[in-house]
1. So for chain B, what percent of the C-alpha to C-alpha distances run longer than 36 Å?
2. Mind ranking A:331-340, B:34-43, A:225-234 by how tightly packed they are, going by the mean number of other C-beta atoms within 10 angstrom, highest first?
3. Mind pulling the angle between the C-alpha long axis of helix A:252-271 and the longest principal axis of chain A? Nearest 10 degrees, somewhere in 0 to 90.
4. Can you tell me the order of A:175-186, B:188-199, B:316-327 when each peptide is scored by its average per-residue count of other Cβ atoms within 10 angstrom, highest first?
5. Between segment B:131-186 and segment A:74-144, what is the C-alpha centre distance in whole Å?
6. Run through every distinct alpha carbon pair of chain A and return the Kirkwood hydrodynamic radius in angstroms, one decimal place.
7. Can you give me the relative contact order of chain B as a percent, contacts being Cα pairs under 8 Å and 6 or more apart?
8. One quarter of the convex hull surface, Cα atoms only: what value does that give for segment A:228-302 in nm²?
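A short reminder: the numbers here are calculations on the coordinates, not readings from a lab. Quick caveat: nothing in here was measured; it's all calculated off a predicted structure. Backbone-built Cβ (ideal geometry, glycine too); neighbour counts: all protein chains shown.
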């Protein structure tokens, strides 16, 4: 099997599983309890907190552990919500866990702006300038697009914010970027940053929200007051520790350079074929490509039979629902239908990429022959 | 003692065959209650489920409600047929601030008090025991039934629960249901089973053009259906090659017509192979292009020796959806996985095809070979619990 859907999820580090087990069976204590064993566990999860801050280059601020990116995004957006005539700014390429919160705010009567996307998948920075103003409460934009791999220029976004709405909060959904693309939240004045462990070889069901200043945040779930009251519920200790292990064992720069080669190799394989259309984007981890004349889902399933697993992003299988993000980039329906997403990991070899590339081309041409 | 009284429906219309129908029904009841502790009694014209775990009464009632051929049932108290025991039980019934009516049936004429007198007596007793209660003979809020039987027992109950009705499963042979994954075909299967027909199901998939999820959905639908119709043998046939061949060789607008004609041929072959007596489809007149009178004539004409039953033929979509909700298949049916490959679907399918037109298109294909390949490569799954 050649797994090329690493933007959907990644394989956990096996040693991370051992760590998880250690904290499930040996140091299984509730970190909120008062005896020394529990206090030790609390200190251990605090180490993961620090690792996240270090990776984000955050000197100050808090890290709140959550059940994953969906919860982190909800907490950042809804937890910083204030009554009054505030406006919100989102990109129209956001993941559903942000986009649907935006829709919710809209239904609640807030004015919500959706920043346009350009054809390369990044936000339209001119449009961002147009929609922000002194009433903007929060700007929420993803770091790397899960659909296309486009990287938004956070420094440009921050500059626009500083110039036009310095009081607005800035939330970055960093799910496809954390531990993959370097980021400096201090320099960029980022208020909230979302991450999810299973996207970087950690376990599923655990993630975090970095908050520069928690005083602008209110809890959205009520309970025992864990995570300093910002996220009640006993911490997923095993998951947090396994996430910490993953952070320790990822070399962002080295992986970036290696995965870049993988993406280039796949692009070279596919580019030669007529009908193949690659959306050129910055992240080496994601390659978005369409195969003219063939349904992306059909291609995905045929590839599965050959042991090559690719994604179709959040493209829905219904006839009606297309792919919102690609549509917002101005891509036509035919290309959207024939679109697949190939996403990489440093655990893949160049040979595997070449092999998968050949398989993809062969399968594409076979299907094209059948349906033309 | 808690018991459940059962009433049979249409069976009373049967003459000499009644025994066969009745035995089938009783067998089905026993199968439906498999795994439960219970005793089934057939005495003096009454059918009674008793000696069961009273904590499981609701579960048992829900199971019985799914047995075709049962008209209604009542959870009841069984007491000795004496005034004292009857009064004692009636005393437990709460009619405070409600109107009520007492129904007495006295099959045992040796019981000393005539029905009318007993009704009055019990009514008086209830009035004195329940504050604010009143008698209403026309639309009472509580109906209290006292049924005195020949076995010197009285059954007291206040509820009559409607059941499925219809005929006992297995009393009308066995047929093959074309199960697509949509809303209509499970309903068609349910309706025909309600007339006593056991069913097997046939599903066509077009992997990789359709997804595995579509197939899982059909398995789930068969499972839901099997709660009513018992175990289902599900035949799964790959239609990919047939569709590719039609697409390659035939006129685009005939895609669906030819496809359905081949499906019907495959269905008849499977009927022959497994000794099934009919083909059942979820077609509803005029619903889509392939379900016009002309289309059905053309697709049905390839089936030579089996009847095609279409229980939904005259039903509105809304009526079909209502049944689909009742039998709990609706939510699964509307899951958005394509049941038929849309890659090959023409923009303008022919609405009024004719048999000669279809035959001309089919000359471009090796129909016999395609049909045989479908039948030979079928995959069979057994779904739901054993019924026989």
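1. Looking at chain B, the distances longer than 36 Å represent 39 percent of pairs.
2. With the highest mean Cβ count within 10 Å placed first, the list reads A:331-340, A:225-234, B:34-43.
3. Relative to chain A, helix A:252-271 is tipped by roughly 20 degrees.
4. Working: A:175-186: 22.2, B:188-199: 23.7, B:316-327: 15.6.
Sorting A:175-186, B:188-199, B:316-327 by mean packing, highest first, produces B:188-199, A:175-186, B:316-327.
5. 57 Å
6. The Cα-based Kirkwood calculation yields 21.5 Å.
7. 17 percent
8. 8.9 nm²
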